1. Filter region 91-116 down to the residues that are of a type in the set (Val, Ile, Thr) and in contact with a helix residue (DSSP H, G or I) (Cβ under 8 Å, 6 or more places away or on another chain), then identify the one that is farthest from residue 81 (Cα to Cα).
2. With respect to residue 31, is the statement that it is under 18 Å from residue 100 (Cβ atoms), at pLDDT 95 or above and either open to solvent by less than 60 Å² (accessible area, probe 1.4 Å) or touching a helix residue (DSSP H, G or I) at 6+ places or on another chain (Cβ under 7 Å) (or both) true?
3. Criterion first (surrounded by fewer than 13 Cβ atoms within 10 Å (Cβ to Cβ) and touching a helix residue (DSSP H, G or I) at 6+ places or on another chain (Cβ under 9 Å)) does residue 53 satisfy it?
4. Consider residue 66 carefully, then state whether it is in contact with a Leu (Cβ under 6 Å, 6 or more places away or on another chain) and assigned to a loop (DSSP other than H, G, I, E, B).
5. When the residues of region 22-32 are narrowed to those that are free of Cβ contacts under 8 Å to residues at least 60 places away in the same chain and assigned to a strand (DSSP E or B), which ends up nearest to residue 65 (Cα to Cα)?
6. List, please: which pairs have Cβ atoms under 6 Å, are six or more places apart or on different chains, and start with a residue in region 98-113 that is in contact (Cβ under 8 Å) with a residue 40 or more places away in the chain and end with one that is surrounded by 15 or more Cβ atoms within 10 Å (Cβ to Cβ) and assigned to a loop (DSSP other than H, G, I, E, B)?
7. I'd like to check something: does region 33-46 contain any residue that is part of a strand (DSSP E or B), over 18 Å from residue 110 (Cα atoms) and among the charged types (D, E, K, R)?
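The values are calculated or read from the model by the stated rules, or taken from the named source; none is laboratory data. Here the structure is a predicted model, which is why all the values come from computation and not from measurement. Backbone-built Cβ (ideal geometry, glycine too); neighbour counts: all protein chains shown. Ligands, DNA and RNA are stripped out before the accessible areas are found, and what is left, the full protein with its side chains, is counted by its heavy atoms. Shrake-Rupley method; radii C 1.70, N 1.55, O 1.52, S 1.80 Å.
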Amino acid sequence: QVQVVESGGGLVQPGGSLRLSCAASGFMFSGYLMSWYRQAPGKERDLVAAISSAGDSTNYAESVKGRFTISRDNAKNTVYLQMNSLKPEDTAVYYCNAYYYLKSYWGQGTQVTVSS
């Protein structure tokens with residue numbers, strides 16, 4: 001049974017940091033491209049960051065470059081998103097996605113709220 005479970009969201013003040021985790025099971029994690037997406041109320045779901053299966057290549061949305069870092073641990077079947085210098089506009093539900101040749105698995109999302 002495929003499972004993709006995000007954790008680590010919460011309420012943080014502007015300028016603060018959070019680390020999101022995404023634990024996966026039920027598929028060959030090390031072969032999958034892993035990504036973080038986010039969706040704010042009334043907006044589309046957008047790509048935040050992606051990491052290759054081996055972890056040797058990453059890609060970021062312009063709005064988070066220099067502030068967010070995606071990483072993965074294939075031994076633990078987990079992908080992370082370190083978020084620093086958070087801004088109110090980072091407020092959204094953050095989703096983890098696993099993708100490999102038309103197979104796509106999503107988590108249930110974790111809420112991140114940046115507010116004073």
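1. 114
2. Against the criterion (under 18 Å from residue 100 (Cβ atoms), at pLDDT 95 or above and either open to solvent by less than 60 Å² (accessible area, probe 1.4 Å) or touching a helix residue (DSSP H, G or I) at 6+ places or on another chain (Cβ under 7 Å) (or both)), residue 31 qualifies.
3. no
4. Answer is no for this residue.
5. 23
6. From region 98-113, the pairs are 98/32; 100/32; 110/9; 111/9; 112/9; 113/91.
7. No, every residue in region 33-46 fails to be part of a strand (DSSP E or B), over 18 Å from residue 110 (Cα atoms) and among the charged types (D, E, K, R).
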